[in-house]
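Novice: Below is the structure I would like to discuss, written out as structure tokens.
The values are calculated or read from the model by the stated rules, or taken from the named source; none is laboratory data. Just so we're clear, the structure is a prediction, and the values are computed from it rather than from any experiment. Here the Cβ is made from the backbone with ideal geometry for all residues, glycine too, and neighbour counts use every protein chain on show.
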DNA sequence: AAGCCGGGGTA
DNA sequence: TACCCAGGCTT
């Protein structure tokens, strides 16, 4: 009965990766893009991605740069690197593994994604818990404890709720319910198909499950960055190395400027690129809030030339779509009057 | 177990 | 504007 109630949620939206018969590659791609990202934000990128890389094999054969380009602005770029690496590993072994256990061995497949692909695309009878499922179960069953404890409990309980032979449908229905009705805040309990079964609905305290997390403090990071344009209008970009924020994507040459003089720091950043003491015009400050820090970038612009390297390229504004860019870079370029 | 990774939606 | 959200990897 729980199943039937929850199932009412299904098929309320038609999304391209849900077309039957399901293509495991596309189901996987959608799950990766949906990590920490809403459907509305990722849908256009998903469509562009499958158009460029319609198959697992085409993705495996692609240069990483192009994969990152298609992830531009989505954030968490490790997802793109893992996706690419996993595609190559999968092709090398003859295709995508069909079980959750085997999928887990590939980069980028954690417990959730492995179970999602296995149940949704391959029909494996395996439960999954994402933020939505954890919240739905916490309210339905009045699971006490912190968000982390609720999450662990949900993984314990979920397998026992699985209807025989219909794990995929059930998983999808629970996630759909969490996304549309059993929302983090202000849940629409009146519309909930699970209403009679829910242990928090009558109390009206569904909101309290799971309890809100305490806000983490967010240290401020200050960068000084410079947009240097060449005579032909192209702008100097530097690839963020592994271990740096925005790793793998391209950004303006920057230097940490915490406590220092921003203009001097910007000059320093350019010297590291082989540009000596150019005239720099101040372009104000761009801010970007990340999960664990607030980023403030003091911006400068100027003209100049530099020798290109593997991690240093002049890119024409019209060609910006062909490399991986962060949203931060877009903001910075806009502030400098450079439009992609 | 805790910290690290972007970005956009919502109040 | 301020707050909220969340999977996988690394340490």
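Novice: Given the residues A:158, A:127, which is the only one that is closer than 22 Å to residue A:15 by Cβ, assigned by TED's automatic domain parsing to the domain that holds residue A:18 and either surrounded by 18 or more Cβ atoms within 10 Å (Cβ to Cβ) or more than 23 Å from the chain's Cα centre (by Cα) (or both)?
Specialist: On the way: A:158 fails: closer than 22 Å to residue A:15 by Cβ.
When all the criteria are applied, what remains is A:127.
Novice: Taking residue A:293 and the conditions (1) outside the structural domain of residue A:74 (by TED's automatic domain parsing); (2) at pLDDT 85 or above, which numbered condition does it fall short on, given that it satisfies the others?
Specialist: Here residue A:293 meets the rest and fails (2).
Novice: Another question, then. So, in region A:107-159, how many residues would count as being outside any helix (DSSP H, G or I) and more than 29 Å from residue A:87 (Cβ to Cβ)?
Specialist: Initial filter on region A:107-159 (outside any helix (DSSP H, G or I)): A:107-110, A:122-130, A:142-146.
Then drop every residue that is not more than 29 Å from residue A:87 (Cβ to Cβ), which leaves A:142-146.
Result for region A:107-159: 5.
Novice: Quick check on region A:241-260: of everything there that is in a strand (DSSP E or B) and touching a residue at least 60 places away in the same chain (Cβ under 8 Å), which residue is farthest from DNA strand B (Cβ to nearest atom)?
Specialist: So in region A:241-260, the residues in a strand (DSSP E or B) come out as A:250-251, A:254-256.
In the following step, the residues that additionally are touching a residue at least 60 places away in the same chain (Cβ under 8 Å) were identified as A:250-251.
Working: A:250: 11, A:251: 10 Å.
Looking at residues that are in a strand (DSSP E or B) and touching a residue at least 60 places away in the same chain (Cβ under 8 Å), I get A:250.
Novice: Do we find that residue A:284 is farther than 27 Å from residue A:65 by Cβ, over 27 Å from the mean Cα position of the chain (by Cα) and within 16 Å of DNA strand C (Cβ to nearest atom) in this structure?
Specialist: Working: farther than 27 Å from residue A:65 by Cβ: yes; over 27 Å from the mean Cα position of the chain (by Cα): yes; within 16 Å of DNA strand C (Cβ to nearest atom): yes.
Yes.
Novice: Working only within region A:307-327, note down all residues that are farther than 18 Å from residue A:67 by Cβ and part of a loop (DSSP other than H, G, I, E, B).
Specialist: If the condition is that a residue be farther than 18 Å from residue A:67 by Cβ and part of a loop (DSSP other than H, G, I, E, B), then A:307, A:308, A:316 are the ones that fit.
Novice: From A:218, A:263, A:238, which residue is closer than 20 Å to residue A:339 by Cα and either in contact with a strand residue (DSSP E or B) (Cβ under 8 Å, 6 or more places away or on another chain) or in a strand (DSSP E or B) (or both)?
Specialist: A:238
Novice: Looking only at region A:43-95, which residues are part of a loop (DSSP other than H, G, I, E, B), over 16 Å from the mean Cα position of the chain (by Cα) and surrounded by fewer than 22 Cβ atoms within 10 Å (Cβ to Cβ)?
Specialist: Scanning region A:43-95 gives A:54, A:55, A:61, A:62, A:63, A:93, A:94, A:95.
Novice: Name the residue, out of A:134, A:148, that is within 13 Å of DNA strand C (Cβ to nearest atom), crowded, with 22+ Cβ neighbours inside 10 Å and at pLDDT below 95.
Specialist: A:134
Novice: Mind checking whether some residue in region A:110-124 is crowded, with 18+ Cβ neighbours inside 10 Å, within 14 Å of DNA strand C (Cβ to nearest atom) and farther than 24 Å from residue A:38 by Cβ?
Specialist: For region A:110-124, residues crowded, with 18+ Cβ neighbours inside 10 Å, within 14 Å of DNA strand C (Cβ to nearest atom) and farther than 24 Å from residue A:38 by Cβ: absent.
Novice: Out of everything in region A:286-310 that is in contact (Cβ under 8 Å) with a residue 12 or more places away in the chain, within 16 Å of DNA strand B (Cβ to nearest atom) and touching a strand residue (DSSP E or B) at 6+ places or on another chain (Cβ under 6 Å), what residue ends up being nearest to residue A:235 (Cα to Cα)?
Specialist: A:299
Novice: Could I ask something else about it? Go through (1) surrounded by 13 or more Cβ atoms within 10 Å (Cβ to Cβ); (2) more than 31 Å from the chain's Cα centre (by Cα) and name the single condition residue A:232 misses.
Specialist: Condition (1) is where residue A:232 drops out.
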